[in-house]
Amino acid sequence: MKRISLLGATGSIGLQTIDVIAGHPDQFELVAMSFGRNVDEGKKIINKFLPKFVAVQDKEICEQLALEYSSQDVHFSFGEQALIDAATYEGVEIVVNAVVGSVGLLPTLKAIENKKTIALANKETLVTAGHLVTEHAKKYGVDLLPVDSEHSAIFQCLQGENVRNIERLIITASGGSFRDKKRAELTEVTVEQALNHPNWSMGAKITIDSATMMNKGLEVIEAHWLFNMPYENIDVLLHKESIIHSLVEFRDRSVMAQLGTPDMRVPIQYALSYPDRFPLPQGKSLQLWELGKLHFEKADFERYRCLQFAFDSGKIGGTMPTVLNAANEEAVSAFLEGKIKFLQIEDFIERAMANHRVIGQPSLDIIQEVDKDTRKYVQSFIS
Ligand code: NDP
Ligand code: MG
């Protein structure tokens, strides 16, 4: 029995994790969880699993739920500290981090200090502070298991391999909602159009990140840290069917790939069952003959400028990826609120990066300060 804490339980990854946990009641137990403000969905999960500890975002929601569940053995808390308490909850072995944004960083670091295995969906954590998270994991002897489908694919391809034999990581990209549009056609696209992803149903922020291709950029940085791979040895390959989830080329030129129908429960479950595999509840097997063909294209860095920004920031290093991430989070949320146009997301990230003076090997305090300052800087053009 693995005892799990799930951060971001009401989100897209969170609910699919719930599905995996519910599918294997003899293997997994939900001991602690967190959510933001989606009380209806949160209560459904609490009623089903009766976890010992629930962290929520706001005080009012916390008080309301504490009253409602006063006769049960469920404890509630709120705010940033509550998220950390959920991540470090006693007896928990594995923390699934499925919150969105750099708010996931501190709980991850604290969970590592408490020797919890980390199943990481929250990519912003590794982008904003990859060196701290990976050093911490090494220091405390903790596994960082990828949940993102591309990184899970690479991780699966690497089982039993010696890292010195890896030549190149090839990360596949669906191309997002606007993959069939030219750049000139993107000036007036709407939020609704951007949220309509062809292959995956995901949270709003990552769906916009897929449309700008920043998602792939964040994944390149995530891969750099998870697999200790120089940026020069990471490629992005457009593959619109999302059947090949990523590939690894070895020095003998052999290439391994991991394939499957697009279903996030596969990488989520693999992170939870690792190093074992379990049957996937109502999993669909891949029928390649029905597809007939798979398509591939080289990534175009002028069409998708965010991809270029991500590679640039990763190579520059220090605090630059923190700036990339914070500027992107602010710009995407402004776009989702209808305050800026789609292509302005790129402009704001570019301006924030150009304005920043890099600090090498930043501490947690510096990262948090740069994150805050970048958000303020980007907000100053929005308002
Ligand atoms: P969602 O927006 O669907 O869910 C986010 C979750 O985090 C919700 O439970 C939300 O609560 C909670 N949350 C949001 N803000 C806060 C906050 N400030 N404090 C505490 N909790 C908060 O996101 P996704 O599930 O799509 O994505 C989660 C992470 O996983 C992201 O980093 C994303 O990039 C990554 N990822 C997602 C994939 C996907 O298929 N969706 C694939 C690969 C990676 P509530 O809704 O209750 O307010
Ligand atoms: Mg992904």
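Normalised by the number of residues in segment 161-211, the average gap of Cα pairs under 8 Å and 6 or more apart makes the relative contact order 42 percent. Taking packing as the residue-averaged number of other Cβ atoms within 10 angstrom, the listed peptides 14-22, 334-342, 62-70 run from highest to lowest as 14-22, 334-342, 62-70. Under 18 Å of direct C-alpha separation, and excluding same-chain neighbours fewer than eight residues apart, LYS138 reaches these aspartates and glutamates: GLU93, GLU113, GLU222.
Placing +1 on each Lys and Arg Cβ and -1 on each Asp and Glu Cβ, with no other charges, gives segment 317-383 a dipole about its Cα centre of roughly 140 debye. Taking Lys and Arg as +1 and Asp and Glu as -1, the other residues whose beta-carbon sits under 12 Å from that of ARG3 total 0.
Annotation for HIS131 and ASP19: the two label points, set 7 Å from Cα along the Cα-Cβ direction, are 4.0 nm apart.
When the C-alpha to C-alpha distance is required to be over 30 Å, the pairs from LYS116/LYS240; LYS115/LYS298; LYS123/LYS341; LYS48/LYS216; LYS216/LYS376 that qualify are LYS116/LYS240; LYS115/LYS298; LYS48/LYS216.
Only helices enter the 222 nm calculation for the chain: every DSSP H run of n ≥ 4 contributes -39,500 (n - 2.57), and dividing by all residues gives -14500 deg cm²/dmol, rounded to 500.
Remark: for residue pairs LYS110/LYS205; LYS44/LYS139; LYS182/LYS339; LYS44/LYS293, the C-alpha separation exceeds 30 Å in LYS44/LYS139; LYS44/LYS293. Which lysines have a Cα lying under 19 Å from the Cα of LYS43, excluding residues fewer than 8 positions away in the same chain? Result set, ordered by chain and number: LYS52, LYS59. Our coupling estimate for segment 115-123, obtained by passing each phi through the Karplus curve with A = 6.51, B = -1.76, C = 1.60 and θ = phi - 60°, is 6, 8, 5, 10, 9, 9, 9, 5, 6 Hz, Gly and Pro reported as x. For the peptides 374-382, 236-244, the ranking by packing is 236-244, 374-382, with the highest mean count of neighbouring Cβ atoms within 10 Å listed first. Restricting the calculation to Cα atoms, the chain shows an Rg/Rh of 0.95 when the hydrodynamic-style radius is the Kirkwood one. A protection proxy built from the mean count of other Cβ atoms within 10 Å ranks the segments 73-83, 345-355, most packed first, as 345-355, 73-83.
For the chain, a simple Cβ point-charge model (Lys and Arg +1, Asp and Glu -1, everything else neutral) yields a dipole of about 400 debye relative to the Cα centre.
The length gained on full extension between LEU286 and ASP73, counted as 0.36 nm times the residue separation minus their Cα-Cα distance, comes to 72.4 nm. Each of LYS181 and ASN233 was given a label point 7 Å from its Cα along the Cα-to-Cβ line. The distance between the two points is 3.8 nm.
Working note: Karplus 6.51/-1.76/1.60 with θ = phi - 60° gives segment 187-198 the couplings 4, 10, 5, 9, 4, 4, 5, 5, 7, 9, 6, x Hz, where Gly and Pro are set to x.
Of the trypsin sites (Lys or Arg not before Pro) found in segment 88-136, those that fall in a DSSP loop while having at most 12 other beta-carbon atoms within 10 Å are LYS115. Between ASP300 and ASP252, what is the FRET efficiency for a Förster distance of 25 Å, r being their Cβ-Cβ separation, to the nearest 0.05? Here the calculated transfer efficiency is 0.25. Measuring nothing but how far apart in sequence close Cα pairs (under 8 Å, 6+ apart) lie, relative to its length, the chain scores a relative contact order of 15 percent. Ranking ILE366, ASN328, GLY338 by how far each Cα lies toward the positive end of the dipole of segment 317-383 (charges on Cβ) leaves GLY338 at the top.
Values in this text are rule-based calculations from the coordinates and carry no lab data. All figures in this text were calculated on a predicted structure; none of them were measured in a lab. Cβ coordinates were reconstructed from backbone atoms using ideal geometry, including for glycine residues, and neighbour counts include every protein chain displayed.
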